Amino acid sequence: MARIAGINIPANKKVEISLTYIYGIGRKKSVEICQKAGVDFTKKVNNLSEDEVIKLREVIDAGYKVEGDLRREVSMNIKNLMDTKCYRGLRHMKKLPVRGQRTHTNARTRKGKAVAIAGKKKVTK
């Protein structure tokens, strides 16, 4: 099992897919990294030599912000939005959708499970 950027990437998958287990690397970046390192991205990770794993690790460390550094940057960006109290920051504070989605219906993922309003009954005449 290869360890890159503090993550144990799966050994029985292709390099292209395994690199996506690292936060901040998607399919496109994983192919780009393999090309820069000179590694065949269709190879399985357990078939890689130690030198190829080291090359991949060096390319990622040199040119990409991944894992802890990236998570810290994203959280600092969100914190900055909340500190400046701009519209997006206020939406983050209220735990509502930030990018213009409707909230009358839907938005359950962001808002959480629906809560019934206690004591609300129809008025009879």
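The values are calculated or read from the model by the stated rules, or taken from the named source; none is laboratory data. Not measured: the values here are computed from a predicted model. Counting neighbours? That spans all protein chains shown, and the Cβs are built from the backbone with ideal geometry, glycine included.
Per-residue answers, yes or no, for (1) over 29 Å from Ile9 (Cα atoms); (2) not small (Gly, Ala, Ser):
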| residue | (1), (2) |
| --- | --- |
| Lys43 | no, yes |
| Ala62 | no, no |
| Gly68 | no, no |
| Ser75 | no, no |
| Asn80 | yes, yes |
| Lys85 | yes, yes |
| Gly89 | yes, no |
| Met93 | yes, yes |
| Gly100 | yes, no |
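Would you mention how many residues in the range 87-125 are basic (Lys, Arg) and either touching a Leu at 6+ places or on another chain (Cβ under 9 Å) or under 25 Å from Met76 (Cβ atoms) (or both)? Total meeting the criteria: 7.
Just checking, does the range 33-54 include any residue being free of Cβ contacts under 8 Å to residues at least 24 places away in the same chain, within 19 Å of the chain's Cα centre (by Cα) and surrounded by 15 or more Cβ atoms within 10 Å (Cβ to Cβ)? Among the residues of the range 33-54, not one is free of Cβ contacts under 8 Å to residues at least 24 places away in the same chain, within 19 Å of the chain's Cα centre (by Cα) and surrounded by 15 or more Cβ atoms within 10 Å (Cβ to Cβ), which makes the answer no.
Listed by position, the helices (runs of 4 or more DSSP H) enclosed by the range 1-118 that each have at least 2 residues that are charged (D, E, K, R) and at pLDDT 90 or above are 27-37, 50-63, 67-84, 87-93.
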